[in-house]
Amino acid sequence: MKITQVGRWLAIGACAAVLAGCETMSGGGLSGLSSALGGLGGGSGGTASGIQNVVQGASAAFKDYSPQEERELGSGFASVLLGARPLVRNDQLQRYVNRVGLWVAEQADSRKDAQGRPVVYDWRFGVIDSDAVNAYATPGGYVFVTKGLLHTLHSEAELAGVLGHEITHVVHGHYLAAVKKGGFAQMAGGIIEARSGNGALSGAMINMVRNIYAKGLDQSDEYDADRYGMLWAARAGYAPSGLIRSLQAVAGGSAQDANYQMLMATHPPAQERIARLNPLMAEKFAGIDGMSNEARYQTVLRALD
């Protein structure tokens, strides 16, 4: 499947994203969440320092790429992911995940390019036809969840938390940082050049992308994505506990189960991630209910059967 076709497929129903978001906003008030960075700092010097390191790392990761180059790189990454497993051929499902994802992405803090202009992402969300339990993001704004993960979750709030986590990987430059740390800058340049010229990726380029996803991101990046993913979903009107509940759902998987092996090999243990999020639930998100939309999620999920 060519990436231009992928873009059209993933963009199904995008114009209805705002309407979908409005449906979620009848949940609890979010006035206490107006400050993303400071609010998540918690009073702990170590936590605040860690967040500052993340911000500095993200700035360094973006420095070498213009927004257009980042999009071209993400296009190459997405073509490799979809070359391994295609999207589920279900318009209703793809439209639904796009609506939820686009609304959550609207809540993320924007970043600025080298000229100080806000970067606008051309977000695309999709469901990959795989029984593996996982989710992926690429530079530039492609976000994928697997069919297996959707079957594992129980509500729209859980899906929103997962998508918020992946959105953070994009806006904080985690995969760009992985490219630099892995010594793949030259190879990434080749991908950007190939995609901008509508050319094919070489075998070495494809192997580089596969290597990055097989190795996974730094654990600090995963914890960062958890904290901010919870925030973006809560801003969108979803129950902030959704991400924790999604982690509880996947925590029941076994490393002996082939469908969980990649997730468990590339992420910190789910229970450790939950333990780090629980203090936020008890403090910063205390008293915030939000929507779960379980019935709507289950109705859409039945379309997979």
**Item:** Selection within the stretch 110-129 - more than 17 Å from the chain's Cα centre (by Cα) and modelled with pLDDT of 90 or more
**Value:** Asp129
**Request:** Of the conditions (1) part of a helix (DSSP H, G or I); (2) touching a Leu at 6+ places or on another chain (Cβ under 8 Å), Gly253 clears all except one; give me its number.
**Result:** (1)
**Prompt:** Which condition does Lys181 not pass, out of (1) open to solvent by less than 60 Å² (accessible area, probe 1.4 Å); (2) under 23 Å from Lys112 (Cα atoms); (3) over 17 Å from the mean Cα position of the chain (by Cα); (4) among the basic types (Lys, Arg), if it passes all the others?
**Reply:** (1)
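Residue-wise test of (1) open to solvent by 10 Å² or more (accessible area, probe 1.4 Å); (2) outside any loop (DSSP other than H, G, I, E, B); (3) of a type in the set (Gly, Ala, Ser).
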| position | (1), (2), (3) |
| --- | --- |
| Ser110 | yes, no, yes |
| Phe125 | no, yes, no |
| Ala132 | yes, no, yes |
| Tyr136 | yes, yes, no |
| Gly140 | no, no, yes |
| Leu150 | no, yes, no |
| His154 | yes, no, no |
| Ala160 | no, yes, yes |
**Request:** Could you tell me which residue of the stretch 61-88 is farthest from the chain's Cα centre (by Cα), considering only residues that are surrounded by fewer than 20 Cβ atoms within 10 Å (Cβ to Cβ) and of a type in the set (Lys, Arg)?
**Result:** Lys63
**Tally, over the stretch 41-96, of residues that are at pLDDT 80 or above and either under 22 Å from Asn207 (Cβ atoms) or assigned to a helix (DSSP H, G or I) (or both)** = 27
**Message:** Restricting to the stretch 125-145, name every residue that is farther than 14 Å from Gly76 by Cα and not hydrophobic (A, V, I, L, M, F, W, C).
**Reply:** Gly126, Asp129, Ser130, Asp131, Asn134
**Request:** For the stretch 206-224, name all the residues that are touching a residue at least 60 places away in the same chain (Cβ under 8 Å), farther than 18 Å from Val171 by Cα and open to solvent by 30 Å² or more (accessible area, probe 1.4 Å).
**Result:** Ile206, Arg210
**Message:** What are the pairs with Cβ atoms under 7 angstrom where one residue, in the stretch 262-276, is in contact (Cβ under 8 Å) with a residue 40 or more places away in the chain and polar (S, T, N, Q) and the other, located anywhere, is open to solvent by less than 50 Å² (accessible area, probe 1.4 Å) and outside any helix (DSSP H, G or I)? Sequence gap at least six, or different chains.
**Reply:** Thr266/Gly216
**Complete:** The condition of being open to solvent by 10 Å² or more (accessible area, probe 1.4 Å) and modelled with pLDDT under 95 holds, among Gly197, Gly203, only for Gly197
**Message:** Residue under question is Met264, and the condition is that it be aliphatic (A, V, I, L, M) and buried (at least 24 other Cβ atoms within 10 Å of the Cβ); does it hold?
**Reply:** no
**Asked** Would you pick out the residues in the stretch 243-260 that are open to solvent by 70 Å² or more (accessible area, probe 1.4 Å) and under 19 Å from the mean Cα position of the chain (by Cα)?
**Response** Arg245, Gln248
**Request:** Go through the stretch 278-301 and give me each residue that's part of a helix (DSSP H, G or I), surrounded by 13 or more Cβ atoms within 10 Å (Cβ to Cβ) and of a type in the set (Ser, Thr, Tyr).
**Result:** Tyr297
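The values are calculated or read from the model by the stated rules, or taken from the named source; none is laboratory data. Nothing here was measured: the structure is a model prediction, and the numbers come from that model. Here Cβ is always computed from backbone atoms with ideal geometry, including for glycine, and neighbour counts include all displayed protein chains. For the accessible areas, the whole protein counts, side chains as well, though only heavy atoms, and no ligand, DNA or RNA atoms are used. Shrake-Rupley method; radii C 1.70, N 1.55, O 1.52, S 1.80 Å.
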